[in-house]
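The values are calculated or read from the model by the stated rules, or taken from the named source; none is laboratory data. Since this is a predicted model, take the numbers as computed values, not measurements. Positions of Cβ are generated from backbone atoms using ideal geometry, with glycine treated the same way; all protein chains shown enter the neighbour counts. Areas reflect the complete protein model, heavy atoms only, side chains present, ligands, DNA and RNA absent. Shrake-Rupley method; radii C 1.70, N 1.55, O 1.52, S 1.80 Å.
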Amino acid sequence: MRLEPIANPSAARRYGFPALALAATVLVASILSWIAGADPLATLGLIVTGATGSRLAILETLNRATPLIFTGLAVAVAFRAKLWNIGAEAQLYAGAVMTVVIGTSAWGMAWLQLPAMALAAVAAGALVLLGPVILKTRFGVDEVVTTLLFNFIMLLFVSWLVEGPMKDPAGMGWPKSTPVDRDLRLPRMVEGLRLHWGFGLAVLAALLIWLMQARSVLGFEMRAVGQNARAARFSGIAVTSVLLKTALISGGLAALAGFSEVAGLKGHLTRDLSPGFGYTGIIVAMLALLHPIGVVVAALFVAGIFVGSDSMSRAAGVPTYIADMLLAVSLLFMVLALGLARYRVAWT
Amino acid sequence: MMALVDILISASFWAAAIRIASPLIFATLGELICERAGVLNLGIEGIMVMGAFTGWFAVYQGMPLWGGVAVAFGSGMLFGLLHATLTVPFGLSQHVVGLGVTLLATATASFAYRLALPQVTSPPRIDPFQPFAVPVLSDIPFLGPALFTQTALTYAAFGMAVVVGLVLYRTPLGLAVRAVGENPAAAAAQGLSVTGLRMGAVMFGSGLMAVGGAFLTLSAFSSFFFDMVNGRGWICIALVVFGAWRPGKAVLGAVLFAAFDAGQVRLQQTEIGAILPYQVFLALPFVLSIIALIVMSRRAEVPAALMVPYNKGER
């Protein structure tokens, strides 16, 4: 077989194949629940109602989507410039650490301190990604492996922090940090509803990134570097500088996931603050076709699958890991769909 | 300082290093074969989890230990086929597909484990491979207990390294695999099937990765845990670079690395371990991998067509 590039793929191709990918994922979901001995249609129904069936369920889905929007944006921004940031998990924790550091110090000025927490988080996340990217641009070390390895180092660092210097003296011996002051939590978006401003911030971030990509010179340069770094260099774009800027933005976005989880939801830092939000961000970004607004939609979808599967699992007895399987399958189908949209398969 | 010397001159330390190196050797050889054919296989971490699970489960269901190894190899080949289909004929991003395969294989192993054993609180055990003292050789002082009282799977790991080295450098098949990783267009002009060779290499390599995972359940521990692979796959990718894509050097790197790992466990028991937090020791293997990547980056001989998809008729 041979792949022939299509110069101008039609809208039917560009959106039809991704739609097929989602349909195929639903099919796999049915097969998996059938294997698990449950009624496929009932399982799918339980996932949908579990994620959207009540006010509580919807709020839970929105809360779960919040960190995924941030990590999804982090990955989407980086991947667009072909910067393979697989370290959103580490950057998230770096953000969470700084949030607690600033959030547990006594400033006496909450209006200044909350933004300072966010800024410190962004700076820490950006720095964490800067390391691997400098290794890439300076020594040619593949950033995939270094960012992956850094995730493990960061998690051990956090493990040390919450058992040692940052440990909550009032925590009954549990490995968790001292909580952030009550006045320094993100307020709720609507009084009485359990949804914090982290979600609003995430949507705002998506809009800003969209504007940046569509309207700014940097956005154009990032796309050019991603499409063909060599050509970009010949046309006078400082590729290294663009990659470094991309790293700062991407790392900062992932760190905001840590900030919003601590300041909006948990209040303190633990080793299990993120159940793999950084890795799931890759799925979110790919499902969104790397588009910032798409990231918000994809994050809601992915969060819905997680929340829905949790509640389905309690009712139908299908293991919750079905959610992880479905998301991995949807990722692979989506990559294939994107390939098929741009190429025609010729059997010769 | 004395503590360090005491560790280095004990045969049990080197025996542990060889044992820890074994799964890394299998998986590193697997990754090396894929990359030599021009395909970066980031599915390694998940495929190791899959192998650890399927190998263990087969034995738990009553198969012999070598049957478990074969089942693990087969499950690895299956995920290798998935990876190869998407990355070779379809030429899709090897980064994204690899991560997708890791996520899928990890989730599938967890899903299947929960489905097969819904109610277990403590992971069930199997009878793993037992150490086998090689006659005569195991009587050599120091070297005997260190090298020749290992489990059969460890001997198999080192044997596999020899086989892979011989095949890659001494057979037409090895030459063909290296050719499609260096210059696929020239290889195709010679009448070689780039697609077939690459897919075969990825499938066989993935099988070896799964056997590396199975070592953990069939030889090192006797139960399956969800997070037992714990980044070993990513470390193996670093080991391939450290070994400059050569089987011999890669095995040396794996043993060196395992010696550090065995050493940090022992150092934790000494007065140094009392001063430093245990996380420092656990982070050491990952820090070491990054340092190895930086050091080797200057003189690494990367296969020229690594991560470059080949499409007939495209120049």
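Quick look at the values:
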item: First in segment A:193-211 and of a type outside the set (D, E, K, R), second anywhere and outside any helix (DSSP H, G or I), Cβ under 6 Å, 6 or more apart; result: A:Leu195/A:Met189; A:His196/A:Leu186; A:His196/A:Arg188; A:Trp197/A:Leu186; A:Trp197/A:Pro187; A:Trp197/A:Met189; A:Gly198/A:Leu186; A:Gly200/A:Met189
item: Every pair of residues 6+ apart whose Cβ atoms lie under 9 Å, when the first sits in segment A:1-17 and is within 14 Å of chain B (Cβ to nearest Cβ) while the second is among the hydrophobic types (A, V, I, L, M, F, W, C) and exposed (fewer than 12 other Cβ atoms within 10 Å of the Cβ); result: A:Met1/A:Ala346; A:Met1/A:Trp347; A:Arg2/A:Ala346; A:Arg2/A:Trp347; A:Leu3/A:Ala346; A:Glu4/A:Ala346
item: Filter pass, A:Leu161 being hydrophobic (A, V, I, L, M, F, W, C), outside any loop (DSSP other than H, G, I, E, B) and either buried (at least 21 other Cβ atoms within 10 Å of the Cβ) or under 18 Å from the mean Cα position of the chain (by Cα) (or both); result: yes
item: Selection status of A:Met286, within 13 Å of the chain's Cα centre (by Cα) and either outside any loop (DSSP other than H, G, I, E, B) or under 30 Å from A:Phe157 (Cα atoms) (or both); result: yes
item: Check on B:Val255, away from every other protein chain (no Cβ under 14 Å) and open to solvent by 20 Å² or more (accessible area, probe 1.4 Å); result: yes
item: Residue count for segment B:55-76, restricted to those that are in contact (Cβ under 8 Å) with a residue 60 or more places away in the chain and among the small types (Gly, Ala, Ser); result: 6
item: Among residues of segment A:243-290, those that are within 12 Å of chain B (Cβ to nearest Cβ), surrounded by 23 or more Cβ atoms within 10 Å (Cβ to Cβ) and of a type in the set (A, V, I, L, M, F, W, C), counted; result: 5
item: Qualifying residue in segment B:217-232 (condition: without any contact (Cβ under 8 Å) to a residue 24 or more places away in the chain, within 14 Å of chain A (Cβ to nearest Cβ) and of a type outside the set (Gly, Ala, Ser)); result: yes
item: Residue list for segment A:234-256, restricted to those being hydrophobic (A, V, I, L, M, F, W, C) and either under 21 Å from A:Leu186 (Cα atoms) or in a loop (DSSP other than H, G, I, E, B) (or both); result: A:Ile237, A:Ala238, A:Leu253, A:Ala254, A:Ala255, A:Leu256
item: Among (1) over 17 Å from the mean Cα position of the chain (by Cα); (2) within 14 Å of another protein chain (Cβ to nearest Cβ); (3) buried (at least 17 other Cβ atoms within 10 Å of the Cβ) - the single one B:Gly263 does not satisfy; result: (2)
item: Pairs, first more than 14 Å from every other protein chain (Cβ to nearest Cβ) and part of a helix (DSSP H, G or I) in segment B:27-54, second open to solvent by 10 Å² or more (accessible area, probe 1.4 Å) and of a type in the set (Ser, Thr, Tyr), C-beta under 7 Å, six or more apart; result: B:Gly51/B:Ser75; B:Thr54/B:Ser75
item: Residue that is most open to solvent (accessible area, probe 1.4 Å), among those in segment A:335-348 that are more than 9 Å from chain B (Cβ to nearest Cβ) and in a helix (DSSP H, G or I); result: A:Arg342
item: Subset tally (residues that are within 8 Å of chain A (Cβ to nearest Cβ) and not in a helix (DSSP H, G or I)) for segment B:93-119; result: 2
item: Criterion: more than 17 Å from the chain's Cα centre (by Cα), over 24 Å from A:Lys82 (Cβ atoms), part of a helix (DSSP H, G or I) and more than 11 Å from chain B (Cβ to nearest Cβ) - qualifying residue of A:Met312, A:Met325; result: A:Met312
item: Subset tally (residues that are out of contact with any strand residue (DSSP E or B) (no Cβ under 8 Å at 6 or more places or on another chain) and at pLDDT 90 or above) for segment A:146-179; result: 17
item: Any hit, segment A:257-278, residues being assigned to a loop (DSSP other than H, G, I, E, B), among the polar types (S, T, N, Q) and within 23 Å of A:Met98 (Cα to Cα); result: yes
item: Among the residues listed as A:Val180, A:Val225, A:Val190, the single one being over 20 Å from the mean Cα position of the chain (by Cα) and not in a loop (DSSP other than H, G, I, E, B); result: A:Val225
item: Which listed residue is β-branched (Val, Ile, Thr), under 15 Å from the mean Cα position of the chain (by Cα), farther than 12 Å from A:Leu253 by Cα and more than 10 Å from chain B (Cβ to nearest Cβ), from A:Thr61, A:Thr99; result: A:Thr61
item: The listed residue being open to solvent by less than 20 Å² (accessible area, probe 1.4 Å), under 25 Å from A:Leu332 (Cα atoms) and away from chain B (no Cβ under 14 Å), out of A:Ala76, A:Ala29, A:Ala51; result: A:Ala51
item: Which numbered condition A:Leu62 fails, given (1) out of contact with any Leu (no Cβ under 7 Å at 6 or more places or on another chain); (2) under 18 Å from A:Asp310 (Cβ atoms); result: (1)
item: Of the criteria (1) modelled with pLDDT of 95 or more; (2) open to solvent by 70 Å² or more (accessible area, probe 1.4 Å), which one A:Ala7 fails; result: (1)
item: Flag if B:Phe204 is modelled with pLDDT of 95 or more, open to solvent by less than 30 Å² (accessible area, probe 1.4 Å) and under 25 Å from B:Ala58 (Cβ atoms); result: no
item: A:Arg188 open to solvent by 30 Å² or more (accessible area, probe 1.4 Å), touching a Lys or Arg at 6+ places or on another chain (Cβ under 9 Å) and charged (D, E, K, R); result: yes
item: Criterion violated by B:Pro247 - all others in (1) crowded, with 20+ Cβ neighbours inside 10 Å; (2) more than 10 Å from chain A (Cβ to nearest Cβ); (3) over 20 Å from B:Leu32 (Cβ atoms) satisfied; result: (3)
item: Qualifying position, being touching a residue at least 40 places away in the same chain (Cβ under 8 Å), under 20 Å from B:Gly165 (Cα atoms) and open to solvent by less than 70 Å² (accessible area, probe 1.4 Å), among B:Pro303, B:Pro309; result: B:Pro303
item: Failed item in (1) open to solvent by less than 40 Å² (accessible area, probe 1.4 Å); (2) within 23 Å of A:His196 (Cβ to Cβ); (3) part of a helix (DSSP H, G or I), with A:Leu300 passing the rest; result: (1)
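Every residue, every condition in (1) under 27 Å from A:Val144 (Cα atoms); (2) touching a Ser or Thr at 6+ places or on another chain (Cβ under 9 Å); (3) of a type outside the set (Gly, Ala, Ser), yes or no:
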| position | (1), (2), (3) |
| --- | --- |
| B:Ala107 | yes, no, no |
| B:Tyr113 | no, no, yes |
| B:Val134 | no, yes, yes |
| B:Ala156 | no, yes, no |
| B:Gln190 | no, no, yes |
| B:Arg198 | yes, yes, yes |
